[in-house]
Amino acid sequence: MENAGYYDNPFFVLNSPGNKSELNRSIASFNADWNPLSWLSFNENLGADQYTDSRLEALPITSAGNAAGTVTRNDFTFLEIDHNLTGTAKHTFGDNFSGTITVGQNLNSRRDRNLNSNGQQFLSPTPLALQNTVSQTSSQNESLAHIESYFGQATADLYN
C-alpha cells in the first residue's frame, strides 16, 4: 500500500490563530533644484525605502504536518537610502558652439536583517508560541552595504 497524504481539517486551520503576519512599508523622496547663476545649476535627490515583515507560523499539536506541533518566527527588516547630487555648467562660445559639463555623486546605503526562530514539540496545546516548545533553534543574517560613486559627462554642440 502506498503512503497516503495527510491533511488538516480546513475548518480547524481557519479557526486556528497560529499564523499571523504584520507588514509595514514606508517610501519617501525629496528633490531640490538650485540655480545660483544663469549658467550653473544643482540638483539633489534623496530617497528612502524601509520595510519590516514579522511572521508567525504555527502547526498545532495533532497537525498533519507535525503531530507534536511546531512554531516558526521570522522577522525581516530592510532599509535603503539613496542620494544623488549633480551640478551642470552651460556655456555658449558663439553662434555655432556651446557645451555643458555635468558632474555628480551618488551615495547609497542598504541594510538587510533577517531573524529566524523555530520551536519544536509543544508543551501544551496553547499558546502557539516559541516559549511553549521543548526545543528552539534560531539564526540571524545581516548585511550592510555603503556604496559611493562619482560620475561626469561633457557635451559639445556645433552649429546650433
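Those residues that are hydrophobic (A, V, I, L, M, F, W, C) and modelled with pLDDT under 95, I need them from region 109-155; list them, please. Of everything in region 109-155, those that are hydrophobic (A, V, I, L, M, F, W, C) and modelled with pLDDT under 95 turn out to be 122, 123, 128, 129, 130, 134.
If I ask for residues that are surrounded by 15 or more Cβ atoms within 10 Å (Cβ to Cβ) and closer than 30 Å to residue 149 by Cα, which ones from region 109-133 would you list? 109, 110, 111, 113, 114 - these are the residues of region 109-133 that are surrounded by 15 or more Cβ atoms within 10 Å (Cβ to Cβ) and closer than 30 Å to residue 149 by Cα.
Restricted to region 95-125, and to residues there that are touching a residue at least 40 places away in the same chain (Cβ under 8 Å) and not in a strand (DSSP E or B), the residue that is nearest to residue 49 (Cα to Cα) is 125. The number of residues in region 55-94 being open to solvent by 30 Å² or more (accessible area, probe 1.4 Å), under 30 Å from residue 112 (Cα atoms) and either of a type in the set (Gly, Ala, Ser) or free of Cβ contacts under 8 Å to residues at least 40 places away in the same chain (or both) comes to 10.
Considering region 26-47, the residues that are of a type in the set (A, V, I, L, M, F, W, C) and in contact with a His (Cβ under 8 Å, 6 or more places away or on another chain) include one that is surrounded by the fewest Cβ atoms within 10 Å (Cβ to Cβ), namely 39.
The values are calculated or read from the model by the stated rules, or taken from the named source; none is laboratory data. Predicted model, so just to flag it, every value in this text is computed and none were measured. Note that each Cβ is placed from the backbone with ideal geometry, even for glycine, and that neighbours are counted across all protein chains shown. We work out accessible area using only protein heavy atoms, side chains counted, and drop any ligands, DNA or RNA first. Shrake-Rupley method; radii C 1.70, N 1.55, O 1.52, S 1.80 Å.
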